[in-house]
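Below is one structure, written out as structure tokens; comments come after it.
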Amino acid sequence: MAEFLQFLFSGLTVGAVYALIALGFTLIYNASDVINFAQGEFVMLGGMSTVFLALAGVPLPLAALLAIVLTIAAGFALHRGAIEPARDASPVTLIMITIGASIFIRGAAQVVFDKRFHSLPPLLGSEPISLGGATLLPQSLVVLAGGAVIVVLLWLFIDRTLVGKAIIATAANRLAARLVGINTRRIVGLAFAISAAIGAVAGILVTPLTLTSYDVGTLLALKGFAAAMLGGIGSALGAVIGGLILGMLEAFGAGYISSKYKDAVAFLIILAVLFAMPQGLLGRGRVERV
Amino acid sequence: MFRQMSFRQMSTAIAIGVGTLLATGPDAPAQVKIGAVLSVTGPASFLGDPEKKTLEMYVAEINEKGGVNGQKLQLVIYDDGGDANNARTFATRLVEEDKVIAMIGGTTTGSTLAMIPVFEDAQLPFISLAGAVQIIQPVRKWVFKTPHTDTMACEKIFADIKRRNLSKVALISGSGGFEKSMEAECVKVAPKAGISIVHQESYGPRDTDMTPQLTNIKGKADVQAVINPGFGQGPAIVTRNYRQLDIKLPFYQSHGVASKQFIELAGAAAEGVRLPAAALLVAEKLPSSDPQRAVVVDYKQTYERKTGQPVSTFGGHAYDGLMILTEAAKRARGWDKAKVRDEIEKTKGFMGTGGLVTMSATDHMGLDLSAFRMLEIKNGDWTLIPDSGT
């Protein structure tokens with residue numbers, strides 16, 4: 001039982017990060033049909049900027065806030081500088097552009113920051129909490145709580161504000177949205193900015209647990225993408241569930257089956273699910289617009 | 001405009017070309033050329049960069065003192081960028097165009113193995129700075145190396161575990177090249193050291209949480225000590241998870257994390273962790289009776305004064321290579337390739353930054369286990385564990 005709990009805690013913590021990244025994928029995908037492979041780079045920028053601002057003597061809360069602002073600016077710049085000029089290109093071309101952007105951001109981070117690993121002090125100390133024979137770091141709770149707060153805020157924003165409704169409208173039908181007076185260009189830019197903010201917060205929250213360096217984004221983006229596909233790309237709830245399931249698969253795979261094949265186990269199950277349900281767990285079939 | 005530019009560029013190129021010819025032409029015969037192919041840039045730059053700085057620094061110093069055997073040294077360095085194909089091309093160029101007498105370097109095992117055939121064909125002494133034991137096993141007539149091997153790190157850890165009267169060990173290792181190689185070596189030499197490996201776990205190079213693997217190790221009643229062959233950020237996370245799960249068993253890291261950065265990243269969790277490391281890491285902490293103290297303290301201070309950067313063991317490997325080569329040339333009373341090679345093989349009792357080197361026809365590295373020091377992390381700093389006692 002203690003073992004089971006320990007695996008569960010591990011899976012939930014790792015899964016929460018995947019969920020947040022998957023959420024960023026979902027948001028941009030909904031607004032623009034683009035799968036933004038630079039999503040992992042937002043996570044890196046959040047963590048690394050906080051580390052370096054803190055090293056420069058900025059108090060930690062302010063450093064975190066500045067890092068989020070910086071990452072949002074990067075998200076905006078990505079949209080304005082790379083996606084927007086190519087808006088008439090096919091989604092596949094745009095996806096390639098985001099891959100290029102992610103390589104560029106990683107290279108720039110190598111020069112602006114450095115190539116070493118960095119950490120941040122945990123928010124609530126590093127004394128493990130004992131729970132039913134298993135242990136949990138307070139920072140894991142912070143990550144889980146932070147993830148939950150972000151999901152709720154995002155839901156309130158999308159569901160209860162006019163701007164949020166405009167995002168839904170843009171996602172549903174770009175042309176119709178434009179006809180009712182929604183500036184879809186600005187909406188897509190906003191989706192990039194919000195995704196960047198979510199990525200940055202995720203990066204700042206997990207750095208005390210997982211450490212960060214200029215190249216942490218690549219694998220996180222891959223895992224987040226897998227989570228989004230598993231949950232059903234385009235579904236926000238699916239992204240969260242997909243992320244948590246992927247984290248759990250990895251933890252239980254490593255714990256109960258074999259740590260050598262834990263990634264293989266996780267991805268095999270994802271493949272099996274997608275084989276049976278090509279739209280993912282919560283995805284809706286997309287209707288081709290004629 | 002474009003035309004004019006390219007003409008100007010061409011004339012500059014010609015001027016540079018002629019200049020180089022003039023510069024190297026007349027005084028070349030009075031100098032002895034030593035070649036080096038190092039990974040100064042690219043993924044292995046943290047190894048290659050200090051090696052390059054070290055070679056340049058000490059060749060300049062040797063030349064100031066009049067060179068070796070009355071001849072000044074000229075260093076020809078190429079940067080392979082961590083690519084073994086480049087290394088091979090540069091090796092051929094060093095032999096055919098630069099006509100070097102001897103070779104130092106090959107920063108990585110890949111580059112070294114790619115260059116070996118070239119220098120064996122050309123029959124010139126080659127001192128590699130790379131880690132893997134395959135470079136000197138089987139013994140090749142012209143190939144030597146200065147750094148210690150993974151196998152020795154395993155043996156050093158096993159010896160310490162034996163001293164604690166323990167024998168059943170669990171391994172948790174990363175899946176990168178370094179970790180894989182060390183894991184395999186540990187498994188290979190364990191029976192000889194009287195150690196049985198009762199459990200093995202692994203993690204990916206980018207994994208962020210290893211509590212499931214460690215929970216399994218914790219659940220195995222017969223495990224008495226845990227070793228983590230690792231490199232990069234993985235070992236820091238493993239160490240934190242180890243403390244989180246409150247595992248009380250002795251915990252060993254490898255020489256792959258022997259840097260202050262590991263202590264910074266792992267924080268308080270690093271307390272009590274033991275690991276084997278080169279003496280250079282604890283130069284000033286060595287007792288004054290230690291025969292290696294003078295060499296490592298001198299190298300550390302020289303390097304840090306001239307480069308303004310903290311010393312690394314990798315630069316030390318280059319120092320050892322250059323000194324072994326020049327000492328051998330002095331004993332050979334000249335720069336005849338075959339004679340220098342014979343003398344390198346006869347190196348005996350040379351004290352380098354990597355340890356005491358005594359080579360033979362069957363051992364082209366010449367280090368014993370005293371090359372490694374067993375360290376324990378206490379109060380955020382290294383402390384030396386004496387070889388005797390626990």
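The values are calculated or read from the model by the stated rules, or taken from the named source; none is laboratory data. Worth saying up front: this structure is predicted, and the values here are computed from it rather than measured. Using ideal geometry, Cβ is built from the backbone for each residue, glycine included, and neighbour counts are taken over all protein chains shown.
Structural remarks
- Within segment B:75-122, the set of residues being in a strand (DSSP E or B) and either over 19 Å from B:R341 (Cα atoms) or modelled with pLDDT under 90 (or both) comprises B:V76, B:I77, B:Y78, B:D79, B:G105.
- Evaluation of B:N85 against the conditions (1) surrounded by fewer than 17 Cβ atoms within 10 Å (Cβ to Cβ); (2) away from chain A (no Cβ under 14 Å); (3) more than 26 Å from B:D121 (Cα to Cα) shows that the sole unmet condition is (3).
- One residue from A:I99, A:I105, A:I72, A:I95 being away from chain B (no Cβ under 14 Å), assigned to a helix (DSSP H, G or I), in contact with an Asp or Glu (Cβ under 8 Å, 6 or more places away or on another chain) and on the phi < 0 side of the Ramachandran plot: A:I105
- If you go through segment A:165-179 and keep only what is surrounded by fewer than 17 Cβ atoms within 10 Å (Cβ to Cβ) and of a type in the set (G, A, S), you end up with A:A172, A:A176.
- In segment B:145-164, the condition of being touching a strand residue (DSSP E or B) at 6+ places or on another chain (Cβ under 7 Å) and free of Cβ contacts under 8 Å to residues at least 60 places away in the same chain is met by no residue.
- Taking the numbered list (1) under 17 Å from B:T54 (Cα atoms); (2) touching a Phe, Trp or Tyr at 6+ places or on another chain (Cβ under 9 Å) in turn, B:A91 passes all entries but (1).
- Among the candidates B:D342, B:D320, B:D298, residue that is part of a helix (DSSP H, G or I), crowded, with 22+ Cβ neighbours inside 10 Å and of a type in the set (D, E): B:D320
- Residue identified as free of Cβ contacts under 8 Å to residues at least 60 places away in the same chain, more than 11 Å from chain B (Cβ to nearest Cβ) and on the phi < 0 side of the Ramachandran plot among A:L154, A:L162, A:L144: A:L162
- Answer residue from segment B:232-256, given it is away from chain A (no Cβ under 11 Å) and touching a Pro at 6+ places or on another chain (Cβ under 9 Å) and is modelled with the lowest pLDDT among those: B:G256
- Segment A:129-139, subset facing chain B (nearest Cβ under 9 Å) and surrounded by 19 or more Cβ atoms within 10 Å (Cβ to Cβ), residue farthest from A:L5 (Cα to Cα): A:L137
- Annotation: of all residues in segment B:204-220 being facing chain A (nearest Cβ under 7 Å) and out of contact with any Asp or Glu (no Cβ under 9 Å at 6 or more places or on another chain), the one that is surrounded by the fewest Cβ atoms within 10 Å (Cβ to Cβ) is B:T208.
- In segment A:20-55, the residues that are in contact (Cβ under 8 Å) with a residue 40 or more places away in the chain, out of contact with any Lys or Arg (no Cβ under 9 Å at 6 or more places or on another chain) and within 14 Å of chain B (Cβ to nearest Cβ): A:L20, A:V43, A:G47, A:M48, A:V51, A:A54
- Candidates B:A153, B:A190, filtered to the one that is away from chain A (no Cβ under 14 Å), small (G, A, S), outside any loop (DSSP other than H, G, I, E, B) and over 30 Å from A:D215 (Cα atoms): B:A190
- The numbered conditions (1) within 14 Å of another protein chain (Cβ to nearest Cβ); (2) out of contact with any Pro (no Cβ under 7 Å at 6 or more places or on another chain); (3) assigned to a helix (DSSP H, G or I) are all true for A:G255 except (2).
- Hits in segment B:120-167 - residues which are under 21 Å from B:L280 (Cα atoms) and not hydrophobic (A, V, I, L, M, F, W, C): B:S128, B:G131, B:K145, B:T146, B:P147, B:H148, B:T149, B:D150, B:T151, B:E155, B:K156, B:D160
- Across segment A:176-195, the number of residues qualifying as farther than 15 Å from A:A22 by Cβ and assigned to a helix (DSSP H, G or I) comes to 13.
- Among the candidates A:S258, A:S235, the residue that is among the hydroxyl-bearing types (S, T, Y), surrounded by fewer than 19 Cβ atoms within 10 Å (Cβ to Cβ) and modelled with pLDDT of 80 or more is uniquely A:S258.
- The residue of segment B:38-70 that is nearest to B:D80 (Cα to Cα), among those that are over 17 Å from the mean Cα position of the chain (by Cα) and assigned to a loop (DSSP other than H, G, I, E, B), is B:G67.
- Filter result (more than 13 Å from chain A (Cβ to nearest Cβ) and under 17 Å from B:G81 (Cα atoms)) within segment B:48-63: B:G48, B:P50, B:E51, B:K52, B:K53
- Close Cβ contacts (under 7 Å, 6 or more residues apart or on different chains) running from residues in segment A:1-14 that are within 21 Å of A:T210 (Cβ to Cβ) and facing another protein chain (nearest Cβ under 7 Å) to residues that are part of a loop (DSSP other than H, G, I, E, B) and of a type in the set (S, T, N, Q) comprise A:V14/B:T208.
- Screening B:G316 on (1) out of contact with any Phe, Trp or Tyr (no Cβ under 7 Å at 6 or more places or on another chain); (2) among the small types (G, A, S); (3) in contact (Cβ under 8 Å) with a residue 24 or more places away in the chain; (4) outside the structural domain of B:D381 (by TED's automatic domain parsing) shows it passes everything except condition (1).
- Of the residues making up segment A:154-188, those that are within 16 Å of A:S235 (Cα to Cα) and of a type in the set (A, V, I, L, M, F, W, C) number 10.
- For the residues A:R116, A:R106, the requirement of being modelled with pLDDT of 90 or more and of a type in the set (K, R) singles out A:R106.
- Taken as a whole, the structure places B:I227 among residues that are in contact with a helix residue (DSSP H, G or I) (Cβ under 8 Å, 6 or more places away or on another chain), surrounded by 23 or more Cβ atoms within 10 Å (Cβ to Cβ), at negative phi and in a strand (DSSP E or B).
- Identity of the residue in segment B:301-317, assigned to a helix (DSSP H, G or I) and not hydroxyl-bearing (S, T, Y), that ends up surrounded by the most Cβ atoms within 10 Å (Cβ to Cβ): B:H317
- The set of residues in segment A:131-155 that are of a type in the set (A, V, I, L, M, F, W, C) and under 11 Å from A:A16 (Cβ atoms) comprises A:L141, A:V142, A:V143, A:L144, A:A145, A:A148, A:I150, A:V151.
- Only listed residue being surrounded by 17 or more Cβ atoms within 10 Å (Cβ to Cβ) and among the aliphatic types (A, V, I, L, M), chosen from A:A264, A:A276, A:A272, A:A202: A:A202
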